[in-house]
1. How long are the three semi-axes of the equivalent ellipsoid of the range 7-85, in whole Å, if each is the root of 5 times an eigenvalue of the C-alpha gyration tensor, listed from largest down?
2. When N is the residue count of the range 23-62, what does its C-alpha Rg come to as a fraction of 2.2 N^0.38 Å?
3. Just to confirm the filter: which trypsin sites (Lys or Arg not before Pro) across the range 1-101 are DSSP coil and have at most 15 other Cβ within 10 angstrom of their Cβ?
4. Give me, ordered by chain and number, the residues 5 or more places off Thr129 or on other chains with an amide H under 5 Å from its own placed amide H.
5. For the chain, list the DSSP H helices whose alpha carbon atoms reach 30 Å or more along the long axis and whose average Kyte-Doolittle value is 1.0 or above?
6. Loop-only check: which chymotrypsin sites (Phe, Trp or Tyr not before Pro) in the range 25-87 are DSSP coil with at most 13 other Cβ within 10 angstrom?
7. Which one, Leu97, Leu132, Leu70, has the greatest fluctuation when you compute a Gaussian network model over the chain with C-alpha springs under 10 angstrom?
Amino acid sequence: MSQDLAPMQGVDRVLQRLCDASATVGGIVLVAIACVTVVSVIGRAFFSHPILGDVELVQLGCAVVVASFLPYTQFRHANIIVDFFTTGTSEKTQSRLDALGTLLYTVVMGLVAWRVAVGGVDIKANQETSMLMALPLWIPYLLMVPGLVLCTIIGLVQTLQHLGWMTKENL
């Protein structure tokens, strides 16, 4: 944790700014989803006329929000860690296990980013749209990719830092 308190420089500073930008995009989409939900509920309750496709908008928006918030969470080391078995181990062992966990997370995020990108390209080629509103489905996929790629890059940097191959002083 003392690493997090050190002043950020170089790569860490750039990653922090990118995470902040990604989280901002996610926050904007989240507020938009909330507004759509409120308007739809009010329309349904008072006018018997909800927004057509409100569930589609919320589903697509939530995917973008999650992908946008993941880099910020990874950068802040805020993912859930089960350290029940490692509390009695040495700091070096804990660091190696953290490196392994971060590496596995990075590989999974890389695979997810790749498949979302490929899926988005396929969906655009097939001109798939949502059922009720006929929204092009490739747009949310496109909006998810930057967050997932950024999360992968952050995981790679953190893995190298855990292994001692990249230190904050070298950046």
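1. They are 35, 16, 9 Å, listed from largest to smallest.
2. In units of the 2.2 N^0.38 Å rule of thumb, it is 1.21.
3. Taking the range 1-101 and a limit of 15 other Cβ atoms within 10 Å, the loop trypsin sites (Lys or Arg not before Pro) found are Arg76.
4. Leu137
5. Long hydrophobic helices here: 10-47, 54-75, 138-163.
6. Here the sparse-neighbourhood loop sites are Phe84, Phe85.
7. The residue with the greatest mean-square fluctuation here is Leu132.
Laboratory data are not the source of any read-out in this text; all were calculated from the coordinates shown. Computed from a prediction, not measured in an experiment: that's the story for all the values here. Every residue, glycine among them, receives a Cβ derived from its backbone with ideal geometry; neighbour counts consider all protein chains shown.
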